Amino acid sequence: MKKYLIFGSPFEVISKINNILESQDDHISVTAKYKDSIIKGTIFEKNFLSKIAASTLYNGTQIEFEADSAKNLHLFTKRSMMNNKFHISTFFSTLNYIPQVSRYLYMPKSFATVAAHFNDQARNINAIFEVGLRKSKTPVAIVVISKGLYNLSFRTIVTDRTNVVNATVLAAGAFASIKCDISLSQLQGIELGYLYNSNNLSCFASYDTNRSIVNAGGYLTYNDKNIAFKGKYAIKSKEYFSEICGSVNDGALLSGKINSKGQIEFLTKISPKPWVDVSIKTTSSATGKAKPVTFGWTLDFHKNF
């Protein structure tokens, strides 16, 4: 049965796209998995930064921890209750921590977050309440309520000078987002768009009226394989950016990027053995200027016990 966008789907779609298109710096990693627990160690070529991450499921609570040699820390917990209808999540990190995977697209710049999420699929009702502290140490709060094809969300950021509110209304896929500063009675932006969601395909397109920017993106999943794309075009400056990534088979992945400056990037990822993944990335220029081709790489070992 076809499904249209419900609770937070704009944010979930964008988060899913970003995770599929994720590209990491040159590194070597080793991952070990035992039942519901995972531990991973990574050494990056740049500055020889080392990182260790671990996750486990303890008494129904998901726990994730990450730390690196630059003294950055991150802790994430999630507890599900009421037959998996109600979830409590917490997220804490140091100010310089950059998450590998976007968990809270509502609050991408926060280092402390507490969220409550209710999801009743039988009645098609969803709600979320989230409070956090941004890296600028200003508070932010989000409320989202959804029933069927209709969605209403509010986000407010309070500082000593401003009180910015972002309100989004979604009805049967079409949405409008308004950003304003209540303290100054100033309209800061209007964005109009459409989102579509089904079991295998999710996509969106939007237009920022203030900045004259068109955004689009989506992802398709089929038999454990996926393909994702996103793009941006600035009408006034004529600058653009596009990216696409997809899995060819169980052991191969291809991706490519291009922008208005003529920069082109290709990435190929293969699994020559079940316990290792290898990726090669090349970056070049299509403008005809004499710029060297640069190469990147990753080497990931993994083992289940």
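Things to note:
- Residue list for the stretch 164-186, filter: within 22 Å of Cys203 (Cα to Cα) and of a type in the set (Val, Ile, Thr): Thr168, Val169, Ile178
- Some residue of the stretch 276-289 being under 22 Å from Ile17 (Cβ atoms) and within 22 Å of the chain's Cα centre (by Cα): yes
- Against the test of being basic (Lys, Arg) and closer than 22 Å to Ser29 by Cα, the options Lys281, Lys257, Lys261 yield a single qualifying residue, Lys281.
- Residue in the stretch 231-240 that is among the hydrophobic types (A, V, I, L, M, F, W, C), free of Cβ contacts under 8 Å to residues at least 60 places away in the same chain and crowded, with 17+ Cβ neighbours inside 10 Å present: no
- Pick from the stretch 100-115, criterion touching a strand residue (DSSP E or B) at 6+ places or on another chain (Cβ under 7 Å) and either more than 30 Å from Asp68 (Cβ to Cβ) or part of a loop (DSSP other than H, G, I, E, B) (or both), ranking: modelled with the lowest pLDDT: Tyr104
- Candidate set: the stretch 156-177, residues that are out of contact with any Ser or Thr (no Cβ under 8 Å at 6 or more places or on another chain) and closer than 24 Å to Ser136 by Cα; chosen: the one surrounded by the fewest Cβ atoms within 10 Å (Cβ to Cβ): Asp160
- Those residues of the stretch 163-211 which are polar (S, T, N, Q) and under 20 Å from the mean Cα position of the chain (by Cα), in sequence order: Asn166, Thr168, Ser177, Asn197, Ser198, Asn199, Asn200, Ser202, Ser206
- Among residues of the stretch 69-88 being closer than 22 Å to Asn47 by Cα and over 21 Å from the mean Cα position of the chain (by Cα), the one that is surrounded by the fewest Cβ atoms within 10 Å (Cβ to Cβ) is Lys71.
- Restricting attention to the stretch 52-77, the residues that are among the β-branched types (Val, Ile, Thr) and over 22 Å from Ile88 (Cβ atoms) add up to 1.
- Any hit, the stretch 145-154, residues being modelled with pLDDT under 85 and out of contact with any strand residue (DSSP E or B) (no Cβ under 6 Å at 6 or more places or on another chain): yes
- Of the residues making up the stretch 19-61, those that are outside any loop (DSSP other than H, G, I, E, B) and among the aliphatic types (A, V, I, L, M) are Ile20, Ile28, Val30, Ala32, Ile38, Ile39, Ile43, Ile52, Ala53, Ala54, Leu57.
The values are calculated or read from the model by the stated rules, or taken from the named source; none is laboratory data. Please read these numbers as outputs of a predicted model, since none were measured by experiment. With ideal geometry, Cβ positions are generated from the backbone for all residues, glycine too; neighbour counts draw on all protein chains shown.
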